[in-house]
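For reference, the structure is listed below as structure tokens.
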Amino acid sequence: MIDDRVVLPHKVIREKPDRGPVGATMHACIVVRIYGRSQCRHAFEIRDFLSRSVVRFTWTPIDTDDDCTHLLGLSLADAGLPIVDLPDGTRLRAPSVAEIAARLGWVSDPKLQEYDVSIYGAGPAGLSAAVYAASEGLSVAVLEREAVGGQAGYSSLIENYLGFPGGISGGDLAERARQQAVEFGAELLLMRDGLSTRFADGRVHTTLGDGTTVVARASVCATGVEWRRLGLDREEEFIGSGLFYGAGTSEAPTCSDLEVFVVGGGNSAGQAAMNLSSFAKRVTMLVRGQTLSATLSSYLEERVARQPNVDIRTDARVVGLEGGKGLTAIHIEDSRTGEVEVVETQRLFVCIGGDPATEWAAGTPIARDDHGFVITGPDLPTSDWPLDRAPFYLETSVPGFFAAGDVRRNSVKRVASAVGDGAMAITFVHHHLASSG
């Protein structure tokens, strides 16, 4: 099976805007080619990264020596799968996503010794902050440890975001925002995982994995959330080999003629079910609650209910996983009766919300609640705030360090709200910079 997707390339194009969205163009001849075993976590991570980065790619599964010899001229043992062929003819064997990003020219060093504002996370909140900060003349560095887009990048279609009546995928929305931020002069430092953060001299000092230090006068934390796990035995073993988190934008084409399951009852799960239904033989949503209406937007609930190859099972949860090299079956418990049914399937997609990505805050003065969300503004305990003035609305317990989007306690978990948080955070960054001199 080959998944040949035509998408926006990862570059900024200024000329001929009539060819597509502003800052975008199409390059049908540019493609990344991936070869690997069909049930391989490493290959999935590459597909997932490229899909969320809105990169055109083809995927060719290779599971036998005959196929491997025919396609690559090597046996499975000697091929070094997964193999990635880049547009310039370079062939990479078992590369990390960081290596692929570097070979595509996406990894760069900071250009400045000090920035007006550093932004952590390139999801909707972080990209919004970058656009507003850079457009208002601030020097900006955006640090992202994975793909641009955050959790929203997993969404196959966002239909209730203002200005897109036909909907837009999370990856496309993030790519347009990335292009916009770069056009205004923001620096994107991809594949940059921070090892430590230190607050000194009215500055935020972040040491990256390669030893580089990024210094800024103010910062916006927009690290978002990470997909919540099921907490089952063997879960880690099956990730990427039958078990996936999010809408499965890169995996949907591999589900042809399969019966697949989606765990969750929110909009992410609903969109995943609709996306998968275009490829799979049948999609079953497993919902812990008694109805979908309590957690799913009404327009999406109606659409899911009308889709002929989508079933909805309420009062159901996954309690076990089975398989060898890949997932082959799941155990589904009926919460009303306690009965457990074993159902054969090769694909399980989990969309059950997320936990805040704030492990970086351990050992810092940043105040968090019991769930790990960053506490900001009026919610901060008086004992955690060091200045005479009141904290700004999105300001954390460290003056000049703000939080925006899903990582913030009591935030509204919507793309539009995250974008609004990012814009608002930059307004407060200006106030902080003006007051600190």
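The values are calculated or read from the model by the stated rules, or taken from the named source; none is laboratory data. Note that the structure is a prediction, hence the values are computed from the model and not measured. Virtual Cβ from ideal backbone geometry, glycine too; neighbours counted across all protein chains shown.
Inspect all residues belonging to the range 244-263 and state whether any of them is modelled with pLDDT under 95, over 22 Å from Ile46 (Cα atoms) and surrounded by fewer than 17 Cβ atoms within 10 Å (Cβ to Cβ).
Yes, because at least one residue in the range 244-263 is modelled with pLDDT under 95, over 22 Å from Ile46 (Cα atoms) and surrounded by fewer than 17 Cβ atoms within 10 Å (Cβ to Cβ).
Restricted to the range 294-317, and to residues that are in contact with a helix residue (DSSP H, G or I) (Cβ under 6 Å, 6 or more places away or on another chain) and outside any loop (DSSP other than H, G, I, E, B), which residue is farthest from Gly353 (Cα to Cα)?
Val310
Mind counting the residues in the range 49-69 that are modelled with pLDDT of 95 or more, in a helix (DSSP H, G or I) and either of a type outside the set (A, V, I, L, M, F, W, C) or in the same structural domain as Asp172 (by TED's automatic domain parsing) (or both)?
Count: 4.
Tell me the residue from Leu74, Leu81 that is crowded, with 19+ Cβ neighbours inside 10 Å and either in contact (Cβ under 8 Å) with a residue 12 or more places away in the chain or in a loop (DSSP other than H, G, I, E, B) (or both), please.
Working: Leu74 fails: crowded, with 19+ Cβ neighbours inside 10 Å.
Going through Leu74, Leu81 in turn, just one is crowded, with 19+ Cβ neighbours inside 10 Å and either in contact (Cβ under 8 Å) with a residue 12 or more places away in the chain or in a loop (DSSP other than H, G, I, E, B) (or both): Leu81.
Please specify each residue of the range 91-128 satisfying the condition of being at positive phi and in contact with a Gly (Cβ under 9 Å, 6 or more places away or on another chain).
Correct list: Ala94, Gly121.
Just to confirm my filter: which strands (runs of 3 or more DSSP E) fall fully inside the range 128-217 and include at least 2 residues that are modelled with pLDDT of 95 or more and not assigned by TED's automatic domain parsing to the domain that holds Asp421? Outline the logic, then answer.
Working: elements: 140-144, 187-190, 194-200, 203-208.
Strands (runs of 3 or more DSSP E) meeting the threshold: none at all.
Scan the range 345-376 residue by residue and report those that are touching a Pro at 6+ places or on another chain (Cβ under 9 Å) and of a type in the set (Val, Ile, Thr).
Passing the criteria: Val374, Ile375, Thr376.
Could you tell me which of the residues Glu144, Glu114 is buried (at least 24 other Cβ atoms within 10 Å of the Cβ) and out of contact with any Cys (no Cβ under 6 Å at 6 or more places or on another chain)?
Glu144
Among the candidates Thr284, Thr291, which residue alone is in a loop (DSSP other than H, G, I, E, B), closer than 30 Å to Pro165 by Cα and either touching a Leu at 6+ places or on another chain (Cβ under 9 Å) or polar (S, T, N, Q) (or both)? Write out each step before concluding.
Values: Thr284 fails: in a loop (DSSP other than H, G, I, E, B).
Exactly one of Thr284, Thr291 is in a loop (DSSP other than H, G, I, E, B), closer than 30 Å to Pro165 by Cα and either touching a Leu at 6+ places or on another chain (Cβ under 9 Å) or polar (S, T, N, Q) (or both), namely Thr291.
Restricting to the range 246-259, count the residues that are over 13 Å from Cys351 (Cα atoms), under 22 Å from the mean Cα position of the chain (by Cα) and not hydroxyl-bearing (Ser, Thr, Tyr). It would help to see each step written out before you state the result.
Taking the range 246-259 first, the residues over 13 Å from Cys351 (Cα atoms) are 250-259.
Filter again for under 22 Å from the mean Cα position of the chain (by Cα), leaving 250-255.
Still in the list and also not hydroxyl-bearing (Ser, Thr, Tyr): 251-253, 255.
Residues in the range 246-259 being over 13 Å from Cys351 (Cα atoms), under 22 Å from the mean Cα position of the chain (by Cα) and not hydroxyl-bearing (Ser, Thr, Tyr): 4 in total.
Given the conditions (1) modelled with pLDDT of 95 or more; (2) buried (at least 24 other Cβ atoms within 10 Å of the Cβ); (3) in contact with a strand residue (DSSP E or B) (Cβ under 7 Å, 6 or more places away or on another chain), report the number of the one that Ser241 does not fulfil.
(2)
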